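The values are calculated or read from the model by the stated rules, or taken from the named source; none is laboratory data. It should be emphasised that the depicted structure is a prediction, and the values quoted were computed from it without experimental measurement. Using ideal geometry, Cβ is built from the backbone for each residue, glycine included, and neighbour counts are taken over all protein chains shown. Accessible surface is based on the protein model in full, side chains and every heavy atom, while ligands, DNA and RNA are left aside. Shrake-Rupley method; radii C 1.70, N 1.55, O 1.52, S 1.80 Å.
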Amino acid sequence: MSTIEKVKEEVLVDELVGVNNEIVLYNDDVNTFDHVIDTLIRVCQHTSEQAEQCAILVHYKGKCTVKTGHFDELKPQCTQLLEAGLSAEII
């Protein structure tokens, strides 16, 4: 009879705390597509294609994540979006 040895390894996984924050942009009936696109390009450094896709998603789905990162980096961007009249929050 042979002996089977089982080895249990402990693996440590480092979690990046705070990286999973998102700015979510919500649909409204006030802002034009052009205003939303221009604001995303200016505030979130989106390309024109990214900004247009986000604007379309917001329009048809009601919301879209437009930026992810650390809370401290997202806070001023979210504030700028709000100051531009857009509906956004950090989650």
- Just subtract the alpha-carbon distance of Tyr26 and Tyr60 from 0.36 nm times their residue separation and send over the number in nm, one decimal. 11.2 nm
- Task: Keeping every protein chain in place, order Ile4, Ile90, Ile23 by accessible area at 1.4 Å, biggest value first, i.e. largest first.
- Result: Ile4, Ile90, Ile23
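Assuming R0 = 22 Å, what is the FRET efficiency of His35 and Leu82, from their Cβ-Cβ distance, to the nearest 0.05? All intermediate terms of the calculation are to be shown ahead of the outcome.
On the way: r = 14 Å, r/R0 = 0.62.
That gives a FRET efficiency of 0.95.
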- Any chance you could run the full-extension gain for Gln50 through Glu73? It's 0.36 nm times the residue separation minus the Cα-Cα distance, nm to one decimal. 6.3 nm
- Virtual spin-label span in nm between Ser2 and Glu89, 7 Å along Cα→Cβ: 6.0
